1. Tally up the carbon and sulfur contribution to the accessible surface of the chain as a whole percent, 1.4 Å probe, everything protein left in place.
2. Taking amide H positions as placed 1.01 Å from N in the peptide plane, with prolines and chain starts having none, which residues 5 or more places from Phe63, or on another chain, fall under 5 Å of its amide H?
3. Calculate, for the chain, the solvent-accessible area per residue in square angstrom, rolling a 1.4 angstrom probe over the heavy atoms of the protein chains.
4. Rounded to the nearest 500, what is the chain's calculated 222 nm mean residue ellipticity when only DSSP H runs of at least 4 contribute -39500 (n - 2.57) each, over all residues?
5. As a test question: what accessible area, to the nearest 10 Å², does Thr47 have when a 1.4 Å probe is rolled over all protein chains in place?
6. Considering only DSSP states other than H, G, I, E and B, which trypsin sites (Lys or Arg not before Pro) in the stretch 6-96 qualify as loop sites with at most 13 other Cβ atoms within 10 Å?
7. I need to check one value: relative contact order of the stretch 1-86, counting alpha carbon pairs closer than 8 Å and at least 6 residues apart, in percent.
8. In nm, to one decimal, how far is the modelled label at Asn7 from the one at Glu19, with both set 7 Å along Cα→Cβ?
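The values are calculated or read from the model by the stated rules, or taken from the named source; none is laboratory data. Keep in mind that what you see is a predicted model, and the values were worked out from it rather than measured. Here Cβ is always computed from backbone atoms with ideal geometry, including for glycine, and neighbour counts include all displayed protein chains. Accessible surface is based on the protein model in full, side chains and every heavy atom, while ligands, DNA and RNA are left aside. Shrake-Rupley method; radii C 1.70, N 1.55, O 1.52, S 1.80 Å.
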Amino acid sequence: MRTYQMNGKPEILEFTNFERIDEEKLFSNVYERLKKNSDISVGEKQTGPSEDLYKCTLSGSPFTLFFDIDYGPSIYAESPEVIQKLINYFETPENI
């Protein structure tokens with residue numbers, strides 16, 4: 001699974017969709033991958049008007065997983081360390 005970040009938005013991690021699969025399927029893949037990591041706790045789904053969010057932690061540090069119905073999955077974290085750990089997790093060969 002590949003990730004990317006937009007210039008000027010280091011707190012947001014997004015996911016490529018080169019295969020052009022349904023965004024809901026892509027989100028499901030991201031969600032399931034996070035659930036498999038014992039260092040990550042995924043909170044309950046909170047539904048908004050155009051997106052769902054899950055409050056999560058990585059080794060006790062907070063981040064939020066989003067599923068936007070128009071733009072697909074993304075992760076927000078204020079901590080650069082959390083973002084870097086998540087990039088490393090998703091970009092390792094066994095997780096691609």
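1. C and S fraction of accessible area: 48 percent.
2. Close amide H contacts, sequence-distant or interchain: Cys56, Thr57, Leu58.
3. Ligands and nucleic acids excluded, the result is 64 Å² per residue.
4. -8500 deg cm²/dmol
5. 110 Å²
6. Arg20
7. 28 percent.
8. 3.1 nm
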